[in-house]
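Report on the structure given below.
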Amino acid sequence: FLLRLRVKNNSKMADEEEVFDEVTEETTEGYGSRLSNSFSGICFGLLLFFGSGVTLFWNEGVAAKRYVALKQGSKLAMEVKNNVVLPENEGKLVVISGTATTEDTLIDPDFGFQSSKTLQLRRVAEMYQWSEKKNTKTEKKTGGSKTTITTYTYEKKWSQVLINSDKFNKSYGHINPDVMKYESSTWTAAKVTLGAFNLPSSEVSRINTWTNKPVPDSNNTALPSGVKPYGTGYY
């Protein structure tokens, strides 16, 4: 099941300096500098070309080995029923199918949210924070020079990952917190079975079918201060 959480960034800014949500920078590069950069680019391109050839050769070798292994495995694998574990199949490659089930109840310890008979419980946490978009355009001038105009635009958006505002071109007035108060997390049932077979957590984590789990409508006294149900999640 999927549990959603959204956190608003209420960071304040000083008012000594005017804040702009769009900043434009313009730089001009002379003909000589452009020629030097072009030569450096050619050298780098040659190195990248030969390096990519080596990487491609290595990747093709790995792919060929994987293909051979899968082909051999398909010949050795045998399909068995999932309702019984036979001792004579120990150590052999078998194929089973069915529905994975569990009796475990998973709990989000931060919010006291519970979900019974659940294989995995995932909390998706998002924070409303500043983001930076960069747009660059180039104009050629008379005499061979080149002018580059770069525009940085700042806007707030919901994001599951922390955006480092220290790396912004203009961080003043667009400062994000250093940490997310609540982060996304996943809990997995300790015992999951497929018929008579026990599934390890590594296999359970590969089951990638999720269903949104609405939070209870009633007030939850276990909720942290300032958190309340909102829509299908918490805010």
Checklist line | Residues satisfying the stated conditions in the stretch 149-176, i.e. farther than 7 Å from residue 130 by Cβ and free of Cβ contacts under 8 Å to residues at least 60 places away in the same chain | finding: 157, 159, 160, 161, 162, 164, 166, 167, 168, 171
Notebook entry, point to check: Being modelled with pLDDT of 70 or more and either under 29 Å from the mean Cα position of the chain (by Cα) or more than 30 Å from residue 137 (Cα to Cα) (or both), is that true of even one residue in the stretch 12-22?
Noted result: yes
Checklist line | Selection status of residue 45, of a type in the set (Gly, Ala, Ser) and either at pLDDT 85 or above or assigned to a loop (DSSP other than H, G, I, E, B) (or both) | finding: no
Next item on the list: Scan the stretch 211-227 and give yes if some residue there is open to solvent by 60 Å² or more (accessible area, probe 1.4 Å), within 30 Å of residue 81 (Cα to Cα) and within 20 Å of the chain's Cα centre (by Cα), otherwise no.
Entry: yes
Note to self: Suppose we keep only residues that are among the aliphatic types (A, V, I, L, M) and not in a strand (DSSP E or B) within the stretch 90-148. Which one would you say is surrounded by the fewest Cβ atoms within 10 Å (Cβ to Cβ)?
What the structure shows: 93
Checklist line | Candidate set: the stretch 208-229, residues that are of a type in the set (Ser, Thr, Tyr) and at pLDDT 80 or above; chosen: the one farthest from residue 111 (Cα to Cα) | finding: 209
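So that you can scan it fast, the table gives a plain yes or no per residue for (1) assigned to a strand (DSSP E or B); (2) in contact with a Lys or Arg (Cβ under 9 Å, 6 or more places away or on another chain):
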site: 154; (1), (2): yes, yes
site: 173; (1), (2): no, no
site: 178; (1), (2): no, no
site: 186; (1), (2): yes, yes
site: 203; (1), (2): no, no
site: 208; (1), (2): no, no
site: 215; (1), (2): no, yes
Next item on the list: Consider only pairs whose beta carbons are under 6 Å apart and that are at least six residues apart or on different chains; among these, list those whose first residue lies in the stretch 105-126 and is more than 13 Å from residue 213 (Cβ to Cβ) and whose second residue is among the small types (Gly, Ala, Ser) and open to solvent by less than 70 Å² (accessible area, probe 1.4 Å).
Entry: 112/222; 125/184
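The values are calculated or read from the model by the stated rules, or taken from the named source; none is laboratory data. All values derive from a computational prediction rather than experimental measurement. All Cβ positions, glycine included, derive from the backbone under ideal geometry; neighbour counts span all protein chains shown. Ligands, DNA and RNA are stripped out before the accessible areas are found, and what is left, the full protein with its side chains, is counted by its heavy atoms. Shrake-Rupley method; radii C 1.70, N 1.55, O 1.52, S 1.80 Å.
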